[in-house]
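The values are calculated or read from the model by the stated rules, or taken from the named source; none is laboratory data. None of these values were measured; they are calculated from a predicted model. Neighbour counts run over all protein chains shown; Cβ positions are idealised from the backbone, glycine included. Ligands, DNA and RNA are excluded from the accessible area calculation, which covers all protein heavy atoms including side chains. Shrake-Rupley method; radii C 1.70, N 1.55, O 1.52, S 1.80 Å.
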Amino acid sequence: MRSWRIAMAVKLCLVLAVLLVLPGCSEKKPEQKKELLVYCGITMIKPMTEIAKVIEREYGCKVLITKGGSGNLLRSIKSNMLGDLYLPGSSSYIQTCFEEGLVTDTAHVGFNKAAMMVKKGNPKGIPDSLDSLTDSNLLVAIGNPESGSIGRETKKILDRKGIFSKVASNVDKVTTDSKDLIRLLKDDEADLVINWYATSTWPENRDSVTVLSIPEEYAGKKKLVLGLLRFSRYPDIAKSLMKYASGEEGRAIFNKYGLYDVK
């Protein structure tokens, strides 16, 4: 009887050993999802997030979006040499990327246009003239030309008007990006800003700001260009995203956020 028990115990141990070993041999580790890294200017975050979800569903991948001022994003790209796509708020950044060999392909996905903005209803009766930015009785804020696309565009606009130095000496705040310019208006830290028009159309902003248009001779429509980075790990998927974003459905998404049929 004792020998039978010993034999059964040995068999049980062998069975348990097989059960423990087999899963490790037969089960494969789940394949890791492919991840695309997109550098995106703040004003374009909403449409790009929506487009990213479409691509994730179609390709079973993950699209990671890092946002910030276009200039700051470009510095990150140069420093890290990682990522798949770059969408700045101005095509001038893409031109720089071409010149420096960082981008190999592009797609036109929408338009940006700068405008002056004030509190909803313009309670201070600020004239829709760029010269209002030189009024010392107003709290004026502009974007930093070194950190973001709206700052760069603002400097170009004011240089064309010939008043950049006057405005620069009058501003109360210089900030990094379009999101913070809206915040300054909402928090009563600014009476007048120059910002991308699209931000005024968003639900969270449209009841807080009023747009004062800038004449076309100073602020025209600016192309939004999506660039494929030369070190992209998944260029095929990245190109599919570019194709979708620049196609009819993608442009409709950009237009929904004020970034295509810009007035």
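Data overview
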| quantity | calculated |
| --- | --- |
| Note, ³J(HN,Hα) from phi for segment 257-262, Karplus 6.51, -1.76, 1.60, rounded to Hz, x at Gly and Pro | 9, x, 10, 9, 7, 6 |
| Amide H contacts under 5 Å for residue 63, placed H, 5+ residues apart | 36 |
| In sequence order, calculated HN-Hα J values of segment 205-213 (Karplus, 6.51, -1.76, 1.60; Hz; x Gly/Pro) | 10, 4, 8, 10, 10, 10, 8, 10, 5 |
| Cut-off under 5 Å, modelled amide H: who pairs with residue 114 long-range | 197 |
| Extension gain from residue 131 to residue 243, taking 0.36 nm per residue of separation minus the Cα-Cα distance | 36.2 nm |
| Label zone at residue 234 (point 7 Å along Cα-to-Cβ), backbone N below 17 Å, segment 98-134 | none |
| Amide H partners (placed H, <5 Å) of residue 230, local residues excluded | 103, 104 |
| Stretchable slack from residue 166 to residue 78, in nm (0.36 nm times residue separation minus alpha-carbon distance) | 28.3 nm |
| Helical mean residue ellipticity (222 nm; -39500 (n - 2.57) per DSSP H run of 4+; nearest 500) of the chain | -13000 deg cm²/dmol |
| Fraction of accessible area attributable to carbon and sulfur, the chain (%, probe 1.4 Å) | 52 |
| Selection from 91, 139, 167 lying farthest towards where the dipole of segment 77-169 points positive, charges on Cβ | 139 |
| Gain upon complete extension [residue 201, residue 256; 0.36 nm per residue less C-alpha separation] | 18.9 nm |
| Cα centre as origin, Lys/Arg/Asp/Glu Cβ charges: segment 156-263 dipole, Debye | 600 |
| For peptides 74-87, 177-190, 210-223, 39-52, sequence by mean Cβ density within 10 Å, most packed first | 39-52, 177-190, 74-87, 210-223 |
| Whole-Hz couplings from phi, Karplus 6.51/-1.76/1.60, listed for segment 216-229; x for Gly and Pro | 4, 5, 9, 9, x, 5, 10, 5, 9, 10, 8, x, 8, 6 |
| Local net charge near residue 61, Cβ-Cβ under 14 Å (Lys/Arg +1, Asp/Glu -1) | +1 |
| Proximal lysines to residue 33, defined as alpha-carbon separation beneath 29 angstrom and excluding residues fewer than eight positions away on the same chain | 46, 53, 62, 67, 78, 239, 243 |
